[in-house]
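Chemist: This is the structure, below, for whatever I ask next.
The values are calculated or read from the model by the stated rules, or taken from the named source; none is laboratory data. The model shown is predicted, which means the values in this text are computed figures rather than measured ones. Reconstructed Cβ throughout: ideal geometry from the backbone, glycine too, with neighbour counts over all protein chains shown. Just the protein is used for accessible areas: all its heavy atoms, side chains included, with ligands, DNA and RNA removed. Shrake-Rupley method; radii C 1.70, N 1.55, O 1.52, S 1.80 Å.
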Amino acid sequence: MHIVLVIVGGLAGLAAFYFGYRMFGRSPATGAALFIWVWLIASLLNGAVGVFKAGIPVINEVAAFIPIFGIPAAIAWYLAYRYGG
């Protein structure tokens with residue numbers, strides 16, 4: 001369930017970057033591209049907390065990292081390069 005919540009949080013963050021850039025008159029595709037880097041850092045920190053604070057094995061965190069980072073990042077990549085012009 002934690003993985004689903006983090007993915008939904010990532011999608012909400014993507015929406016904030018995408019529409020936030022649009023709201024301020026900048027290219028929303030640029031916001032989506034920037035989100036990928038921000039989400040990478042957030043996903044890595046999430047995994048580090050899981051390993052060092054919660055005691056979850058690294059292999060489990062790596063397996064969780066793939067959908068946690070991959071789903072929001074893939075959608076961000078699509079938005080950035082499909083609508084980036």
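Chemist: Given a 1.4 angstrom probe, what's the average accessible area per residue across the chain, in square angstrom?
Modeler: For the chain, the solvent-accessible area averages 65 Å² per residue.
Chemist: How would segment 5-55 be classified by its alpha-carbon gyration tensor: rounded, prolate or oblate, with rounded meaning a/c under 1.5 and the a/b versus b/c comparison settling the rest?
Modeler: Numbers: a/c = 4.47, a/b = 2.67, b/c = 1.67.
Prolate, because a/c is 1.5 or more and a/b exceeds b/c.
Chemist: Mind checking the chain for trypsin sites (Lys or Arg not before Pro) that DSSP puts in a loop (not H, G, I, E or B) and that have at most 16 other Cβ atoms within 10 Å?
Modeler: Passing both the DSSP loop test and the Cβ count: Arg26, Lys53.
Chemist: Between Ala63 and Tyr83, what's the calculated FRET efficiency when r is the beta-carbon distance and R0 is 41 Å? Round to 0.05.
Modeler: 0.85
Chemist: For the chain, calculate the relative contact order in percent as a whole number, restricting contacts to Cα pairs under 8 Å that are 6 or more residues apart.
Modeler: Relative contact order comes out at 41 percent.
Chemist: Carbon-plus-sulfur fraction of the accessible area of the chain, 1.4 Å probe, in percent?
Modeler: Carbon and sulfur together cover 76 percent of it.
Chemist: Something else about it: Which entry in (i) 13.2; (ii) 14.0; (iii) 17.8 is this structure's computed Kirkwood radius over Cα pairs in Å?
Modeler: Only one listed value fits the structure, namely (i).
Chemist: Which value in nm describes the separation of the simple spin-label points at Met1 and Ala16, placed 7 Å from the Cα toward the beta carbon?
Modeler: According to this spin-label approximation, the distance is 2.3 nm.
Chemist: Using 0.36 nm times the number of residues separating Ala48 and Phe24, minus their current alpha carbon distance, what extension gain do you get?
Modeler: Details: separation 24, 0.36 × 24 = 8.64 nm, distance 3.37 nm.
So the extension gain works out to 5.3 nm.
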